[in-house]
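Worksheet: one structure, shown below.
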Amino acid sequence: MRSRPERLQRLPQQYFVALLGRVAAAAAQDGPPLVDLGRGNPEAGPPAHVVEALRAAALEPDVHGYAPIRGLQRTKEAIAARYRDVYGVELDAESEVALIPGTKTAIVELALSLCDDGDTLLLPDPYYPDYPSGPALAGARIATVPLRPDEGWSPDLDAAPDAAALYLNYPSNPCAVCARPGTFEGAVRWAGRSGGAVVHDAAYMDIVFDGRAPESFLATPGAKAVGVEMWSMSKTYGMAGWRVGFVLGNAEIVERINLLNDHSRVGLFAPIQAATIAALEGPQDSVAERVDAYARRRELLADALPEPIVCEGTFFVWLRLPEGLTAEVLLTEHRVAVAPGEGFGPSGTGWARLSLAVSDEAIALGAERLQRAFAGVAA
Ligand SMILES: Cc1ncc(COP(=O)(O)O)c(C=O)c1O
């Protein structure tokens, strides 16, 4: 066989695949059971009425053929209603909503839709490790805008360079903060100045703590003219395995995603869309319960750590490791897996991401081991 096409060779190592492999290998070693705080996989599934909607729809005889290629209109109307009623954003379900098999798909496809060969895609640093894959396939370069802890992890977009596209992500994985006032407005200004498009990754939009309200980039004046938002069923409803997400906002960008869909995917299984509608339109208590569980685990972790932690949203804690302590030491000597900061961009070295999407017992045990590990290097 000939060698892999250049575009595949450009792909970076898949951070999470490598991490899962490393954690599985460590778990197989002798020792006490490993506590895995490294992964971002919701520990609780969707509420029963959502699973029931899938079951009931799958029993219908006429749902097993190809679903409408660009998604059922009802599914797009359900998310548009959510945006209107909860986030205060008006969207046209037909032209401003694309249904996608998980936002990870859109992370890649948006880069392909916005960048030509040799273009630049601007990422925040730290960033979600899957962001470099799309520009690699597109033949685009990556540039970064720094996020600094003492500035609330918000970028100075008035000083940011021009680029074909800018990705932002609030609540932030890994920084666990919500957008500071003015950040989204800065992004719209950046787009006006550079002609680039803004992509806001809102995968954790509903997972916010301490009375905060979910905030959509699209609620910012001028946002729809310059960008889109990615919204996911994975974290809000614990449906990560179902692979359902949306790209919403700018009609031209939505059309580009739909165009790629027409050529490379064929919609989503109709019963999954029925369950998506049930989740979006049915009782929402499970969302509040999920948020409460993460907030409770955040406190368990905070009590064990020597420095105060910042966690305004998502189910992560972004932690600076003390001198002498690395993710590898935590894994092999203390049997706690964390996501090493190196994969989150140039500024991630010396940091680690901890997940709250595990049982209370796992958090308690992990917190105890972290406390011991931190005390060990402080001594
Ligand atoms: C910041 C961020 N964006 C996107 C995704 C992908 O989510 P989805 O399950 O919708 O593909 C994740 C998943 O962990 C994430 O953390």
The chain: translational diffusion in µm²/s, Stokes-Einstein, Kirkwood Rh over Cα pairs, 10 °C, 1.306 mPa s: 74
Could you check the spin-label model distance between Leu259 and Ala44? Points 7 Å from the Cα along Cα→Cβ, value in nm. 4.3
Separation of the Val17 and Arg55 label points, Cα + 7 Å toward Cβ, nm: 3.5
What shape does segment 96-179 take by its C-alpha gyration tensor, where a ≥ b ≥ c are the square roots of the eigenvalues and a/c under 1.5 counts as rounded, a/b above b/c as prolate, and the rest as oblate? oblate
Distance between segment 267-281 and segment 316-352 - C-alpha centres, whole angstrom: 38
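Quote the charge dipole size of the chain about the Cα centre in Debye, to the nearest 20; the model charges only the Cβ of Lys and Arg (+1) and of Asp and Glu (-1). Walk me through the numbers on the way to the answer.
Values: 33 positive and 48 negative charges, 157 e Å.
With Lys and Arg at +1 and Asp and Glu at -1, about 760 debye.
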Translational diffusion coefficient of segment 185-246 at 25 °C, 0.890 mPa s, Stokes-Einstein with Kirkwood Rh over Cα pairs, in µm²/s as a whole number. 192
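Between Gln29 and Val266, 0.36 nm times their residue separation minus their Cα-Cα distance comes to what? All intermediate terms of the calculation are to be shown ahead of the outcome.
On the way: separation 237, 0.36 × 237 = 85.32 nm, distance 4.29 nm.
Taking 0.36 nm per residue and subtracting the Cα distance, the gain is 81.0 nm.
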Give the aspartates and glutamates whose C-alpha is closer than 17 Å to that of Lys76, dropping any in the same chain fewer than 8 places away, or say none. Asp85, Glu90, Asp92, Glu94, Glu96, Glu229, Glu252, Glu255, Asp262, Glu281
Taking a straight Cα-to-Cα line shorter than 16 Å from Lys235, and setting aside same-chain lysines fewer than 8 residues away, one finds Lys104
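How many times 2.2 N^0.38 Å is the alpha carbon radius of gyration of segment 66-107? Walk me through the numbers before you get to the answer.
Working: Rg = 10.9 Å, N = 42, 2.2 N^0.38 = 9.1 Å.
This ratio for segment 66-107 stands at 1.19.
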Who wins for biggest fluctuation among Ala275, Ala159, Ala143 in a Gaussian network model of the chain, springs between alpha carbons below 10 Å? Ala159
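If you take the square roots of the eigenvalues of the alpha-carbon gyration tensor of segment 67-221 and sort them as a ≥ b ≥ c, do you get rounded (a/c under 1.5), prolate (a/b over b/c) or oblate?
Details: a/c = 1.70, a/b = 1.16, b/c = 1.47.
Because a/c hits 1.5 or more and a/b fails to exceed b/c, segment 67-221 counts as oblate.
Count charges around Asn169 for me, please; just the other residues with Cβ under 11 Å from its Cβ, Lys/Arg as +1, Asp/Glu as -1.
Values: positive: none; negative: Asp130, Asp201, Glu229.
With Lys, Arg at +1 and Asp, Glu at -1, the neighbours total -3.
Read-outs: derived from the displayed coordinates by stated rules, not from any lab. Note that this is a predicted model, so its numbers are computed, not measured. Heads up, the Cβs are rebuilt from the backbone with ideal geometry, glycines too, and the neighbour counts pull from every protein chain shown.
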